[in-house]
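Below is one structure, written out as structure tokens; the observations come after it.
The values are calculated or read from the model by the stated rules, or taken from the named source; none is laboratory data. Note that the structure is a prediction, hence the values are computed from the model and not measured. Note: ideal-geometry Cβ built from the backbone for every residue, glycine included; neighbour counts use all protein chains shown. Heads up: the accessible areas ignore ligands, DNA and RNA and are worked out on the full protein's heavy atoms, side chains in. Shrake-Rupley method; radii C 1.70, N 1.55, O 1.52, S 1.80 Å.
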Amino acid sequence: MLIRHSHTDADTADLTGWFTHDLVIDGVSRAASTQERFDVINPATGETIASVASATVDDALSAVRAAERALPIWSARAPRERAEILRKTFELMQERSEDLARLIVLENGKSLADARGEIAYAAEFFRWYSEEAVRLLGSMQVSPNGQNRILVTHQPIGVSVLVTPWNFPAAMATRKIGPALAAGCTVILKPASDTPLTALAIGQLLSDAGVPAGVVNILPSRKSGTVVGAMLDDPAVRKLSFTGSTEVGRILLATASATVVNCSMELGGNAPFLVFADADMDAAIDGAMLAKMRNGGEACTAANRFYVHSSVASEFSRRLSERMSALSVGDGLEESVNLGPLINEDARTKVHSLVSAAVASGATALNGGAPDNGVGFFYPATVLVDVAPDSPILDEEIFGPVAPVVTFETDDEAVRFANNTEFGLVAYVYTSDLAHGLAISQRLETGMVGLNRGLVSDPAAPFGGFKQSGIGREGGHEGMLEFTESQYIAVSW
Ligand code: NAD
């Protein structure tokens, strides 16, 4: 039974009416050069909630010129001044956190609890990078021959194009804007077409906090490929920071190669969740719920494959299924809802086709397993057992509330299963023996490991993947270095 929320047009107008739905270029909001617009849909109801300007190549190049003009002024501002503007943005985000959370629910569908969590996480990037802005340390060393000095400084890399996905419409934007502005760069943000409103709202807060015109330009567009491609071809653009699928990441790396644009890529994941025989089962179930169900499974860090020691697998699957079945599904704007809709119909079709293929090759759904048809793009929480090791559901990002469980016998088998993927973003390990957990963690080919933890995201930590999950790191001190170039000055004195 889906829980519905009775929206009124006035509620929607309140949530979406305090920021522009046009492009933001050089501090001014304006329609697209062709006047084109596109609709933003509430995935819980299928209703249109706003119509947003769709940037063209001309608009994109205007934004690049604005960012280029603003660059020398912004990069010359004292780090302390940049820091204080970022700090102010953090405070404004906190003040408006409830409005922002509801806005995320409206355009993305996630539960209010998840949206509130996202806003808290997203705002922290402004606080963290307000603190980092004044700590861009260089170095000085004596060369080995003792004759020369090696002086290294970090300079802002320049105009940066930021491209973000729909699954964390606030956090993926602030995780890029925060460090870019701290380092002294100016940016053009291309938010995902499914969720452009949150980015435009954050743009309003940045402007209210005192970010000068041209420093943050925001370009929703239905023509992502041509618009981003044209910016990457412009010689003023020195950086691409992309978060999204590996498929699109590969295309953008190829495009960026023509002008040798520096790229940071946060791409897809296929996280294994390993439960060893000695795991604390209560903790493992709590961790599994978090790692699988945050954002309804629509997270790059979502546990995608559960590998459980055969001695505890049936208990794990049964208890996970009980917890998943107890979730209330419906419109995320209702406080009691824990699981909202998927982002769109294509997403639901993809999730169901992976589940159907797994079931056709022998898997059993302990709960869920069939889409909720009707209004909204809902899919029930599903636990699959007896999943064939070559099932496509273990190779692809599910991006939905589905947990396939596979058993293992030995450590070597668990590690082999976990590493058997082109992805390498994150893995989760549950064991009561910390030394064993650390030893297993070091054998996993992933940029991040949750060791007895179902959540790794932290603005102070370097987030990123091995293998085809990406290049570079976001968050932490590393996240700001991604927006700098090192300059080495050879000196003798
Ligand atoms: P996507 O790759 O379809 O889109 C990401 C962004 O790229 C959007 O803004 C989209 O409009 C734009 N885009 C699409 N095609 C483009 C093109 N040809 N040229 C330029 N831009 C283009 O991804 P999505 O569906 O929005 O997000 C889900 C994906 O993002 C998943 O694969 C998920 O794992 C990944 N993700 C990764 C991280 C991470 O930190 N590693 C975080 C969140 C999401």
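List of remarks:
- Test: GLY374 is open to solvent by 40 Å² or more (accessible area, probe 1.4 Å), more than 22 Å from the chain's Cα centre (by Cα) and either away from the ligand (no atom under 16 Å from the Cβ) or within 23 Å of SER457 (Cα to Cα) (or both): yes
- Counting only strands (runs of 3 or more DSSP E) wholly contained in region 422-493, the ones carrying 3 or more residues that are open to solvent by 60 Å² or more (accessible area, probe 1.4 Å) and away from the ligand (no atom under 16 Å from the Cβ) occupy 484-491.
- Flag for GLN468 being touching a helix residue (DSSP H, G or I) at 6+ places or on another chain (Cβ under 9 Å) and modelled with pLDDT of 95 or more: yes
- Residue that is farthest from ASN108 (Cα to Cα) [pool: residues in region 189-218 that are charged (D, E, K, R) and near the ligand (Cβ under 10 Å from one of its atoms)]: LYS190
For (1) away from the ligand (no atom under 16 Å from the Cβ); (2) open to solvent by 10 Å² or more (accessible area, probe 1.4 Å); (3) touching a residue at least 60 places away in the same chain (Cβ under 8 Å); (4) not small (Gly, Ala, Ser), each residue gets a yes or a no:
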position	(1), (2), (3), (4)
TYR129	yes, no, yes, yes
ARG135	yes, yes, yes, yes
SER139	yes, yes, no, no
PRO144	yes, yes, no, yes
ILE150	yes, yes, yes, yes
GLN155	yes, yes, yes, yes
LEU162	no, no, yes, yes
TRP166	no, yes, yes, yes
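- Residues considered: ALA388, ALA357. Of these, the only one that is under 25 Å from VAL429 (Cα atoms) and in the same structural domain as ILE285 (by TED's automatic domain parsing) is ALA388.
- Residues that are modelled with pLDDT of 95 or more and either outside any loop (DSSP other than H, G, I, E, B) or buried (at least 23 other Cβ atoms within 10 Å of the Cβ) (or both), drawn from region 378-396: PHE378, TYR379, ALA381, THR382, VAL383, LEU384, VAL385, ILE393, LEU394
- Selection from region 228-276 of residues that are under 30 Å from TYR307 (Cα atoms), open to solvent by 40 Å² or more (accessible area, probe 1.4 Å) and either near the ligand (Cβ under 7 Å from one of its atoms) or in contact with a Phe, Trp or Tyr (Cβ under 8 Å, 6 or more places away or on another chain) (or both): SER245, GLU247, VAL248
- Within region 108-121, tally of residues that are hydrophobic (A, V, I, L, M, F, W, C) and in contact (Cβ under 8 Å) with a residue 60 or more places away in the chain: 3
- Pairs with Cβ under 9 Å, 6+ apart, first in region 475-487 and at positive phi, second of a type in the set (S, T, N, Q): GLY475/SER457
- Scanning region 1-51 for residues that are of a type in the set (A, V, I, L, M, F, W, C), over 30 Å from PRO371 (Cα atoms), out of contact with any Asp or Glu (no Cβ under 8 Å at 6 or more places or on another chain) and surrounded by 14 or more Cβ atoms within 10 Å (Cβ to Cβ) turns up PHE19, VAL24.
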